[in-house]
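The structure under discussion appears below in the form of C-alpha cells.
The values are calculated or read from the model by the stated rules, or taken from the named source; none is laboratory data. As the structure is a prediction and not an experimental result, all values here were calculated from the model. Cβ coordinates were reconstructed from backbone atoms using ideal geometry, including for glycine residues, and neighbour counts include every protein chain displayed. Surface areas here come from the heavy atoms of the whole protein model, side chains and all, with no ligands, DNA or RNA. Shrake-Rupley method; radii C 1.70, N 1.55, O 1.52, S 1.80 Å.
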Amino acid sequence: ANPAMQFRSGKYAYEIKRKDKESIYSVTDGKDTLSLPILYVFGEGKAGQTYILQYEGALYESRVSFYNEVKGLDLTIGAPPGVPPSVKEALGRKLSDNEVVNCFSCHSTGGVIGGRVHPDKIIPGIRCESCHGPGGQHSAPAKAGESAAKLIFNPGRLDGDELSQDFCGSCHRGSNEFTLLKEMEINN
C-alpha cells in the first residue's frame with residue numbers, strides 16, 4: 001500500500017522503497033548512505049510496523065517505523081533521543097542475541113529452536129502459543145468436549161497494570177523504560 005515512504009530526522013533522511021519483491025530501507029546524511037533489504041517486519045500495520053535489518057552480520061531494529069495513524073514513518077518507539085553521530089547508528093538499534101530470540105519467539109512460530117533463531121523454520125506472525133503458552137494440555141480436553149479453559153494462560157484475566165507492564169511489557173517497552181529515556185534526555 002506504501003511503495004515509497006520518506007522521513008527526515010535532523011540531518012538524516014530515511015526512505016523505504018519497494019523494489020521488485022523486496023523493500024529497501026535507506027538512511028543517508030547526504031554524504032554517506034546505507035541501503036539494506038528489510039528482512040522481517042514486526043506488526044501488521046494496523047497500528048504500525050517496525051523493521052528488522054541485517055548489517056555486518058548483526059540484526060538491527062529500524063530507527064524509524066511505519067505508523068498507520070500518520071500514514072507514514074516516524075521514530076520507532078523508544079529510539080534514543082537526539083541525533084545519532086553516524087549513519088550506522090542512524091540505521092537503528094543493534095539487537096543482542098537474547099533480544100533476537102525473544103523477539104522472534106513472540107513474533108513468529110517455529111523459528112526458535114534450542115534458544116537459537118532458525119530463519120528457514122520461521123512461520124511469520126504471532127500465533128496462539130506466543131501469548132497463551134503451550135496448547136497441548138488445553139487442546140486435548142477441548143477436542144474431547146471437556147472444559148479446558150483453566151488449562152491455558154488467559155491474559156484477559158490480568159488487571160490493566162499486570163497486562164500492560166508485566167505481560168505486554170515483558171516484550172515491549174513499558175512506561176518505566178520511557179521514564180528512564182525521558183530522564184536521560186533531560187540530563188543530557
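Measuring against 29 Å, Cα to Cα, the residue pairs 17/94; 31/121; 21/121; 11/121; 21/143 contain 31/121; 11/121; 21/143 as the ones spanning a longer distance.
Between residue 26 and residue 131, the FRET efficiency from the beta-carbon distance, with R0 = 30 Å, is close to 0.30.
Close amide-amide hydrogen proximity is noted between residue 111 and 123, each under 5 Å apart and 5 or more residues distant or on a separate chain (H modeled in the peptide plane; Pro and chain starts excluded). The residue 89 and residue 161 beta-carbon pair, evaluated with R₀ = 30 Å, returns a calculated FRET efficiency of approximately 0.30.
Considering only alpha-carbon pairs that sit under 8 angstrom and 6 or more positions apart, the relative contact order computed for the range 13-132 is 15 percent. Here each label is just a point 7 Å from Cα along the line to Cβ, and for residue 147 and residue 11 those points are 6.6 nm apart. Just how much of residue 55 is accessible, in Å², when a 1.4 Å probe is used and the result is rounded to the nearest 10? Here the residue's solvent-accessible area equals roughly 50 Å². Extension gain for the segment residue 116 to residue 68, taken as residue separation times 0.36 nm less the Cα-Cα distance, is 14.1 nm to one decimal.
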